[in-house]
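Input: a single structure, listed below in structure tokens.
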Amino acid sequence: MARVLITGANRGLGRELTRLYTRNGHEVIACCRDPDARGADLAGDISWLPLDLADEAAIRAFPALLGGKAIDILIHNAAIRGATGGLAEVGFVDFAQVMRVNAAAPLILTHMLRPNLMAGERRVVAMISSRAGSMTEGLDPDGDYAYRCSKAALNMGARKLAYDDPELTVLLLHPGWIKTDMGGPEAELDVREAARGLAARIDAAGPKDSGSFRAWDGTPIAW
Ligand SMILES: NC(=O)c1ccc[n+]([C@@H]2O[C@H](COP(=O)([O-])OP(=O)(O)OC[C@H]3O[C@@H](n4cnc5c(N)ncnc54)[C@H](OP(=O)(O)O)[C@@H]3O)[C@@H](O)[C@H]2O)c1
């Protein structure tokens, strides 16, 4: 059984991944901004910890909350979409916030938790990216400039990390267009199906997969 740390575990895909991993008998360290507002419908071996990924000091202090616990799988799930209205809405404040949460925070958190990952058995770092960050496939009509740039930046950061640190298995995963607050009700995919697909990718991953970018169903995504 693995110990899995998931960010943004309180709603959407993160909540579904938390439900799936605990249901399958794994231990989940579920992180979110406000654990007191997590809701009551999750059972199993789960502990909730506060983590605001827009707060660099909180990210750097976070390992102290873990007390040296080993982590087998680290899932960077939390993200924000930012302004969606196209170039007219691009501004420094929104753009920087989206880059901070979606691209910088997962990299800094991985660095801070590397000792915990090295103490674990799997050493898997799963970055929930998006096809929207693909230069080749991410050109659909939605605005989302900051979001697309942030996921492209995350992709580069994760590729670089996979290259620099062969002891980690670093995955970039696109969850599909899913019915969550971010994806909206028109989305194609049920969040449970996405979570099952992602967990299958994560559970089967080994060092040879490090630096790859795949969808929830295993389809490779072009950079
Ligand atoms: N939905 C889609 O169609 C889709 C498509 C491609 C990729 N993705 C990716 O899939 C992942 C999950 O998306 P989702 O659809 O589940 O999104 P969501 O429903 O909007 O949930 C986002 C999660 O991120 C958390 N979060 C936001 N800002 C945070 C911060 N500063 N610190 C800590 N947590 C923060 C939220 O917590 P709060 O409740 O505190 O805000 C929430 O738990 C994201 O990486 C997203 O980019 C989604």
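Here are the numbers for the structure shown:
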item: Residue 28 at pLDDT 95 or above and away from the ligand (no atom under 15 Å from the Cβ); result: no
item: Odd one out for residue 20 among (1) within 13 Å of the ligand (Cβ to nearest atom); (2) closer than 19 Å to residue 199 by Cβ; (3) not hydroxyl-bearing (Ser, Thr, Tyr); result: (1)
item: Pair list, Cβ < 6 Å and 6+ apart or interchain, from the stretch 43-63 residues that are without any contact (Cβ under 8 Å) to a residue 40 or more places away in the chain to residues that are of a type in the set (A, V, I, L, M, F, W, C) and more than 9 Å from the ligand (Cβ to nearest atom); result: 46/28; 46/30; 47/29; 48/30; 49/65
item: Residues within the stretch 1-16 that are in contact with a strand residue (DSSP E or B) (Cβ under 7 Å, 6 or more places away or on another chain), closer than 21 Å to residue 62 by Cα and not in a loop (DSSP other than H, G, I, E, B), tallied; result: 5
item: Failed item, numbered, when residue 219 is tested on (1) touching a residue at least 12 places away in the same chain (Cβ under 8 Å); (2) under 15 Å from residue 138 (Cβ atoms); result: (1)
item: Test: residue in the stretch 19-41 that is on the phi > 0 side of the Ramachandran plot and within 15 Å of the chain's Cα centre (by Cα); result: no
item: Inter-residue pairs, beta-carbon under 9 Å, first more than 13 Å from residue 162 (Cβ to Cβ) and in the stretch 107-126, second of a type in the set (S, T, N, Q), 6+ apart; result: 109/7; 117/110; 122/169
item: Identity of the residue in the stretch 96-122, among the small types (Gly, Ala, Ser) and either within 16 Å of the chain's Cα centre (by Cα) or buried (at least 19 other Cβ atoms within 10 Å of the Cβ) (or both), that ends up farthest from residue 68 (Cα to Cα); result: 103
item: Checking residue 130 against (1) under 28 Å from residue 46 (Cα atoms); (2) modelled with pLDDT under 95, the condition it does not meet; result: (2)
item: Candidates 67, 82 - the one that is of a type outside the set (A, V, I, L, M) and surrounded by fewer than 19 Cβ atoms within 10 Å (Cβ to Cβ); result: 67
item: Residue selected from the stretch 36-94 under the condition polar (S, T, N, Q) and closer than 20 Å to residue 154 by Cβ, by the criterion nearest to the ligand (Cβ to nearest atom); result: 77
item: Whichever residue in the stretch 185-223 is aromatic (Phe, Trp, Tyr) and not in a strand (DSSP E or B) and, among such residues, is nearest to residue 163 (Cα to Cα); result: 223
item: Test: residue in the stretch 123-132 that is surrounded by fewer than 20 Cβ atoms within 10 Å (Cβ to Cβ) and β-branched (Val, Ile, Thr); result: no
item: Among residues of the stretch 134-184, those that are free of Cβ contacts under 8 Å to residues at least 24 places away in the same chain and in a helix (DSSP H, G or I), counted; result: 5
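Yes/no per residue for (1) more than 23 Å from residue 90 (Cα to Cα); (2) more than 15 Å from the ligand (Cβ to nearest atom); (3) modelled with pLDDT of 95 or more:
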position	(1), (2), (3)
150	no, no, yes
160	yes, yes, yes
168	yes, yes, yes
176	yes, no, yes
179	yes, no, yes
183	no, no, yes
200	yes, yes, yes
207	yes, yes, yes
213	yes, no, yes
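The values are calculated or read from the model by the stated rules, or taken from the named source; none is laboratory data. Model, not experiment: these values are computed from the prediction. Ideal geometry is used to build each Cβ from the backbone, glycine not excepted, and the neighbour counts take in all protein chains shown.
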